[in-house]
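Novice: Quick one: the structure is below, and I'll ask about it shortly.
What follows is calculated from the coordinates using simple rules that are stated; it is not laboratory data. On a predicted model such as this, the values are computed, not experimentally measured, just so you know. In this analysis, Cβ positions are derived from the backbone assuming ideal geometry, glycine residues included, and neighbour counts consider all displayed protein chains.
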Amino acid sequence: MGVLARARPCSRSRRILFWVTSITCAVLILIAMSVYKFLAITRPLGEGVLVVDAWIPAQTLAESISIFNSGRYRYLVVLGGPSQETANISHSTVADADLAASTLEKLGLDTRKLVKINVPDNSSGRTRRRATALRSWLDSSQTSTCCVDVFTVGVHARKSWILFRHALGSRYRVGIVAGNEFRYPPRFWFISRAGIRIVSRNLAGYFYAKLWIAFKAEGSGSLKRSVGSGLSHIP
């Protein structure tokens, strides 16, 4: 009887541990799945200019044509920098915007509505620089448009959206479209090496972008206050 009495609490503890572990794992899986949904946001406006990240995989790039044809877009703008693969092979570099534009032309996109913007690439701040280059083109070309939709791949969407909205300012409304991800299973990215690397990097990039914008806005506000305070003392 003593052995049975000791065995029952032990068995009960194991069952409790099993259910606690199972529930915890289920919650973690749901959180991980929600991270992808949060980052891979799609909120298109469906008009104006469709902006496409030139570096995205070819399968995802092909989707931009159906997006363009289904909306009321005037131009499809491809944003890109030097192709690293080509640069490693030879001393001359080919912009990935050129490569992406060539692919879109072969897939039947009307070249009269295609615009290429080559942006000098760097190890950091790529999305921010491309958003700034788009703003320069919109202003210099005097393109009369109210709206910009940014087309990118998967979890890169959330970061791209906030950076393009910041760069374009209040003059343009900005939407976002997250193209399909083919490099790893989107819902279960956490079981893929590529998925863990890409999702983690973009989650960190999103928080960094939010902090960068917040600190920049705070710095601009402090500068304006100091300038205003200085002006108030001018007779």
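Novice: Would segment 38-179 count as rounded, prolate or oblate if I go by the C-alpha gyration tensor, calling it rounded below 1.5 in a/c and otherwise prolate when a/b exceeds b/c, oblate otherwise? Could the numbers behind the result be given before it?
Specialist: Numbers: a/c = 1.40, a/b = 1.27, b/c = 1.11.
Rounded, because the longest to shortest axis ratio a/c is under 1.5.
Novice: Check which residues have an amide H placed less than 5 Å from VAL153's amide H, if you skip close sequence neighbours.
Specialist: Those qualifying (amide H under 5 Å, at least 5 residues apart or on another chain) are GLY179.
Novice: In a shell of Cβ-Cβ distance under 9 Å around PRO57, excluding PRO57 itself, what net charge do Lys and Arg (+1) and Asp and Glu (-1) give? Working shown, then result.
Specialist: Working: positive: ARG183; negative: GLU181.
Residues close to PRO57 contribute a combined charge of 0.
Novice: Kindly flag which residue pairs out of LYS113/LYS210; LYS37/LYS210; LYS37/LYS216; LYS106/LYS210 have an alpha-carbon separation exceeding 30 Å in this structure.
Specialist: Details: LYS113/LYS210 33 Å; LYS37/LYS210 18 Å; LYS37/LYS216 28 Å; LYS106/LYS210 38 Å.
In this structure, LYS113/LYS210; LYS106/LYS210 exceed 30 Å between Cα atoms.
Novice: Considering only DSSP beta bridges with both partners in segment 38-179, what is the antiparallel share in %, to the nearest 5? Show your work: numbers first, answer last.
Specialist: Numbers: 2 of 25 bridges.
That works out to approximately 10 percent antiparallel.
Novice: Give me the number: length gained by fully extending SER66 to SER192, i.e. 0.36 nm times residue separation minus the C-alpha to C-alpha distance, one decimal in nm. Could you put the intermediate results ahead of the total?
Specialist: Details: separation 126, 0.36 × 126 = 45.36 nm, distance 2.88 nm.
Between SER66 and SER192, full extension yields an extra 42.5 nm.
Novice: Another one. So if each residue of separation counts as 0.36 nm, and I subtract the Cα-Cα distance between TYR208 and ILE23, what length gain in nm does that give?
Specialist: Numbers: separation 185, 0.36 × 185 = 66.60 nm, distance 3.17 nm.
Working it through step by step, the gained length comes to 63.4 nm.
Novice: In the neighborhood of LYS37, defined by Cβ-to-Cβ distances under 11 Å, what is the net charge if each Lys or Arg adds +1 and each Asp or Glu adds -1? Don't skip to the end; give the middle numbers.
Specialist: Details: positive: ARG158, ARG187; negative: none.
Once all neighbours under 11 Å are counted, the net charge is +2.
Novice: Counting other beta carbons within 10 Å of each residue's own, what order do THR103, THR42, THR127, THR152 fall into, fewest first?
Specialist: Numbers: THR103 17, THR42 13, THR127 22, THR152 26.
Ascending Cβ contact count within 10 Å gives the list THR42, THR103, THR127, THR152.
Novice: Something else now. So, with +1 on the Cβ of K and R and -1 on the Cβ of D and E, and no other charges, what is the size of the charge dipole of segment 112-170 about its Cα centre, to the nearest 20 debye? Intermediate values should be presented prior to the final figure.
Specialist: Working: 11 positive and 3 negative charges, 24 e Å.
Result for segment 112-170 is approximately 120 debye, rounded to the nearest 20.
Novice: To make sure I understand, if each residue's beta carbon is the centre and we count other beta carbons within 10 Å, what order do ILE162, ILE41 fall in, fewest to most?
Specialist: Values: ILE162 18, ILE41 14.
With the sparsest Cβ surroundings first, the list reads ILE41, ILE162.
Novice: Between ARG173 and GLU105, what is the label-to-label distance in nm when each label sits 7 Å out along the Cα-to-Cβ direction?
Specialist: Those two pseudo-labels are separated by 3.4 nm.
Novice: While we're looking at this one, here's another question. Enumerate by residue number the trypsin sites (Lys or Arg not before Pro) in segment 129-208 meeting two conditions: DSSP loop (anything except H, G, I, E, B), and at most 14 other Cβ atoms within 10 Å of the site's Cβ. List each step's numbers first, then the result.
Specialist: On the way: sites: ARG129, ARG130, ARG135, ARG158, LYS159, ARG165, ARG171, ARG173, ARG183, ARG187, ARG193, ARG197, ARG201; in loops: ARG183, ARG187.
Of the trypsin sites (Lys or Arg not before Pro), the ones in loops of segment 129-208 whose Cβ has at most 14 other Cβ atoms within 10 Å are ARG187.
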